[in-house]
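Below is one structure, written out as structure tokens; comments come after it.
The values are calculated or read from the model by the stated rules, or taken from the named source; none is laboratory data. This structure is a prediction, so every number in the text was calculated from the model and none was measured. Ideal geometry is used to build each Cβ from the backbone, glycine not excepted, and the neighbour counts take in all protein chains shown.
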Amino acid sequence: MLETIPLSLDEVVAVAKEHFDGGWRLVTMTAVDVGEAGFEIFYHYDKDLVMKHYRLSIPKETVVPSISPVYFAALLVENESRDQFGICFSDIVLDFGGHLYLEAEVRAMPFCKVSVAQKQS
Amino acid sequence: MARTILPFGPQHPVLPEPLHLKLTIEDEIVVEALPTLGYVHRGLEKLCEVRDFNQMVQIVERVCGICSCLHALCYCEGIEQIMGVEVPRRAKYLRTIWGELHRVHSHLLWLGLFADAFGFESLFMQFWRVRERIMDIMEATCGNRVVVSVNVVGGVRRDLSPEQCQWIEQQLIISEKEIRQLQTTILNDYTVKKRCCGKGVLTKEQAYQLGAVGPMLRGSGWAQDARQTGYAAFGELGFEPIVEYDGDSYARCAVRFRETLQSFDIVRLAIARMPAGETAANVEGANEDDTPRIISGNRGGIMQSYNRDKHHSITAAPPPDLDIPAGSLAAKVKGKPDGEAVTRVEQPRGELMYYLKGVGSKNMDRVRIRTPTFANIPPLLAILPGCELADVPVIVLSIDPCISCTER
Amino acid sequence: MFNMTKNVVANLFAKSSTRLYPFAVRGHFEGFRGTLHINIDECIFCRTCQIKCPSQCIAVDNKAGTWTCEAMSCVYCGVCVDVCPTSCLSMSKEHRQVATEKQTMAYQGVPKKKKKEAAE
């Protein structure tokens, strides 16, 4: 089973900074739609092939502070989460504004489950 | 100085896949690079909500044609982790063999394309001729050439007979000899060095901070390879990553070339140490399901003979006749995955990560695929500024971009 | 400097690496998944292949006794062959012929009567 460390919204950047200074590599982030409860965002860090997973639970329409100023590599995955789930990140170093994959006319979030899709229809 | 914005891709002679870069150039020097993605986005991750978790094996294989076997391997290991299945040892070795053969053919493909990128077309054809031999091994042992479809949850669908193993070894000896003939050209040739040395330098610190993976990371002096985590049979085989220290395009090329030869050794070692036994385990999850699935990939014995025509100059020796008792490979999949898992394998392009979440239904709740090129694009954006426009194709190709992987 | 020269000379005198298709056709290995075949007489129209197919190219109608496969959607993974309870599906090693338009493999069989009806 996956061992995760809970994370709160205001710790996100501080934890990223701590790992960056500690020589950890950002493997990736994973956004999961958990229905009514909102989203879960996982931060996967790696050092010497040992992985650490942080779990951030947020309600829908929360703006998450971006860690891309710390880890430049996070910019693609944050833009991707914006495209797929509509999770907004503040201050991404290179913000595609939800159009990394999607065309400008697309308004529905393709990876979200029923609750969001209904609202937009 | 006047700045020009130059579109690079999505259609470009050097790019095998549609990557689009907006290059801001001053004279001949690139000052900024911005990527645009989305030309081959298919939303395969979303398909997990409609397809059965067993069917997803075939779907994740199609994320990327070149490393299909490793995608399936990573996915199956994740599901097995969630459902608590112990894969038979023989299946682990078989997975290793096919996975490494995939690495060989992917690296040979890349080495050819890379030679093509700096205009050495003859070398490109020579590498691809060797690759054809590896593709033949795939076809003979897996049933398909590229998307091999041998992994299933619980094990593998095909087995290798002793005769087949022997034939593979023979083929590998010939291929290795042919590759070694090309070694001096790709690694020591004046023109090749002129085009690659010192181009697109990624320093050791940068590589790690920007999250580079695979040959990109190892070319910059980090001895990190997901195979060290011991997935499949690597835990028993032992593994030492290949490292180069210069961090330029040449170092990445050298890493890939040496890894090709290393993979030959791993295949040989795995064949030599492969234990006898079952190739697929029965899968039983927490929830009982009344529809057991029988996997019997091998009803009548595989590969009796090879229909060889006299113009077929690639195969040196036809695989010998053989018979395998039917019904030796059987696995039942019962139950449904419930839980989360993160698995990593080393793809030819670098570390591949899967996050899998099942909620006790036959569909997965979330399948997240972090492919190596996805991780290698930020370093690419960091090394492009400052290089000459004429070097952009070589540098872009030196990360081995796979955009189908990236966008899924 | 002359690394490739040896290779060039060798290639000059060696046999061609390519074949003169269509005069020389490469054979396939035994066990290659080339074409999907069905022995419709043995099919019991259980729909297992339809359910298990990852590309959903198979459609089975158990009332009318038809079995159809969208040949262009098939990905040749061989899962249907593995799961078929009566082993009526098989793969042969030859490729399907090239075609100018999309093809559907359609077979008409005799639907199996239910046990109750058969007993009457």
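Some values worked out for this structure:
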read-out	value
Breaking point among (1) crowded, with 22+ Cβ neighbours inside 10 Å; (2) within 11 Å of chain B (Cβ to nearest Cβ); (3) under 18 Å from B:Y355 (Cβ atoms), for A:V32	(1)
The one condition in (1) farther than 28 Å from B:P379 by Cβ; (2) buried (at least 16 other Cβ atoms within 10 Å of the Cβ) that A:A37 fails to fulfil	(2)
Any chance B:I377 is within 12 Å of another protein chain (Cβ to nearest Cβ) and modelled with pLDDT of 85 or more	yes
Criterion (of a type in the set (S, T, Y) and in a helix (DSSP H, G or I)) met by exactly one of B:Y39, B:Y75	B:Y75
Residues satisfying the stated conditions in the range C:20-42, i.e. touching a residue at least 40 places away in the same chain (Cβ under 8 Å), assigned to a loop (DSSP other than H, G, I, E, B) and within 12 Å of chain B (Cβ to nearest Cβ)	C:H28, C:E30, C:G31, C:F32, C:R33, C:G34
Count of residues meeting criterion [within 13 Å of chain B (Cβ to nearest Cβ) and either of a type outside the set (D, E, K, R) or closer than 24 Å to B:L210 by Cβ (or both)] in the range A:1-23	10
C:K15 away from every other protein chain (no Cβ under 12 Å), charged (D, E, K, R) and loosely packed, with under 14 Cβ neighbours inside 10 Å	no
Test for B:L94: is it under 30 Å from B:G339 (Cα atoms), touching a residue at least 12 places away in the same chain (Cβ under 8 Å) and touching a Leu at 6+ places or on another chain (Cβ under 8 Å)	yes
The range B:207-235: number of residues that are more than 8 Å from chain A (Cβ to nearest Cβ), of a type outside the set (A, V, I, L, M, F, W, C) and over 22 Å from B:Y354 (Cβ atoms)	3
Count of residues meeting criterion [modelled with pLDDT of 60 or more and not in a strand (DSSP E or B)] in the range B:310-364	8
Matching residues, the range A:8-31, being part of a strand (DSSP E or B) and under 18 Å from B:T229 (Cβ atoms)	A:R25, A:L26, A:V27, A:T28
Leading residue by the ranking (farthest from B:I369 (Cα to Cα)) among those in the range A:32-75 that are out of contact with any helix residue (DSSP H, G or I) (no Cβ under 7 Å at 6 or more places or on another chain), of a type in the set (D, E, K, R) and assigned to a strand (DSSP E or B)	A:K47
Elements of type helices (runs of 4 or more DSSP H) contained in the range B:172-225, each with 1 or more residues being among the β-branched types (V, I, T) and under 28 Å from B:I377 (Cα atoms)	B:190-196
Count of residues meeting criterion [assigned to a loop (DSSP other than H, G, I, E, B) and more than 14 Å from every other protein chain (Cβ to nearest Cβ)] in the range C:43-69	7
Subset of the range B:379-388 that is surrounded by fewer than 24 Cβ atoms within 10 Å (Cβ to Cβ) and of a type outside the set (A, V, I, L, M, F, W, C) - its residue that is nearest to the chain's Cα centre (by Cα)	B:P385
Top-ranked residue in the range B:15-35 [being surrounded by 18 or more Cβ atoms within 10 Å (Cβ to Cβ) and in a strand (DSSP E or B); ranked as farthest from the other protein chains (Cβ to nearest Cβ)]	B:I25
Cβ-Cβ under 8 Å pairs, at least 6 apart or on other chains, the range C:81-99 side within 11 Å of another protein chain (Cβ to nearest Cβ) and under 17 Å from C:G31 (Cα atoms), far side surrounded by fewer than 17 Cβ atoms within 10 Å (Cβ to Cβ) and of a type in the set (D, E, K, R)	C:S87/B:R299; C:S87/C:E42
